[in-house]
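Below: one structure, written as structure tokens.
The values are calculated or read from the model by the stated rules, or taken from the named source; none is laboratory data. As the structure is a prediction and not an experimental result, all values here were calculated from the model. As a convention, Cβ positions derive from the backbone with ideal geometry for all residues, glycine included, and neighbour counts pool all protein chains shown.
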């Protein structure tokens with residue numbers, strides 16, 4: 001099992017049963033390359049797949065610039081479209097950072113960290 005993070009504390013502080021700046025949780029983010037496999041239409045979301053094709057999860061928050069870049073993928077990479085989603089050809093690789101994986105194997109809170117190809 002991977003380390004999920006550590007607690008950083010002031011040397012002279014004592015434990016408090018509430019949140020405090022004297023004790024801070026530092027998350028050990030993981031990184032992985034995945035592909036953009038689709039775009040959810042009604043509520044923005046980018047569907048992700050692992051490089052082996054298995055579903056990896058969904059990114060729901062992005063900067064305006066990254067969101068625009070995702071929508072620009074549609075013209076050259078669209079495979080299918082229905083009322084709920086646009087399926088892409090899985091050729092766009094990105095690096096995501098995430099907290100850990102659920103028991104199901106899905107990424108927990110994936111966030112775009114770097115565009116690898118488009």
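Within segment 47-65, count every residue that is surrounded by 15 or more Cβ atoms within 10 Å (Cβ to Cβ) and over 18 Å from residue 101 (Cβ atoms).
The number of residues fulfilling the criteria is 1.
Identify the residue in segment 5-24 that is in contact with a strand residue (DSSP E or B) (Cβ under 7 Å, 6 or more places away or on another chain) and surrounded by 11 or more Cβ atoms within 10 Å (Cβ to Cβ) and, among all such residues, is farthest from residue 96 (Cα to Cα).
By that ranking, first place goes to 13.
If you go through segment 56-74 one residue at a time, do you hit one that is on the phi > 0 side of the Ramachandran plot and over 11 Å from the mean Cα position of the chain (by Cα)?
Taking every residue of segment 56-74 in turn, none turns out to be on the phi > 0 side of the Ramachandran plot and over 11 Å from the mean Cα position of the chain (by Cα).
Just give me the residues in segment 81-107 being assigned to a loop (DSSP other than H, G, I, E, B), without any contact (Cβ under 8 Å) to a residue 24 or more places away in the chain and farther than 12 Å from residue 49 by Cα, in sequence order.
Correct list: 82, 102, 103, 104.
Could you grab the pairs with beta carbons closer than 8 Å, sequence gap of 6+ or different chains, first residue in segment 25-39 and at pLDDT below 90, second one in a strand (DSSP E or B) and surrounded by 12 or more Cβ atoms within 10 Å (Cβ to Cβ)?
Short answer, once both residue conditions are applied: 25/5; 26/5; 27/5; 28/5.
Have a look at 103, 112, 107 and point out the one that is in contact with a helix residue (DSSP H, G or I) (Cβ under 7 Å, 6 or more places away or on another chain) and either surrounded by fewer than 16 Cβ atoms within 10 Å (Cβ to Cβ) or closer than 27 Å to residue 29 by Cα (or both).
Selected residue: 112, the only one of 103, 112, 107 that is in contact with a helix residue (DSSP H, G or I) (Cβ under 7 Å, 6 or more places away or on another chain) and either surrounded by fewer than 16 Cβ atoms within 10 Å (Cβ to Cβ) or closer than 27 Å to residue 29 by Cα (or both).
Consider segment 35-74. How many of its residues are in contact with a helix residue (DSSP H, G or I) (Cβ under 8 Å, 6 or more places away or on another chain) and either over 16 Å from residue 107 (Cα atoms) or assigned to a loop (DSSP other than H, G, I, E, B) (or both)?
Residues flagged as in contact with a helix residue (DSSP H, G or I) (Cβ under 8 Å, 6 or more places away or on another chain) and either over 16 Å from residue 107 (Cα atoms) or assigned to a loop (DSSP other than H, G, I, E, B) (or both) within segment 35-74 amount to 3.
Please go through (1) within 23 Å of residue 4 (Cβ to Cβ); (2) exposed (fewer than 14 other Cβ atoms within 10 Å of the Cβ) for residue 34 and return the number of the only condition it doesn't satisfy.
Just one mismatch for residue 34, condition (2).
Can you name every residue in segment 1-24 that is under 27 Å from residue 60 (Cα atoms), at pLDDT below 85 and part of a strand (DSSP E or B)?
Selection gives 5, 6.
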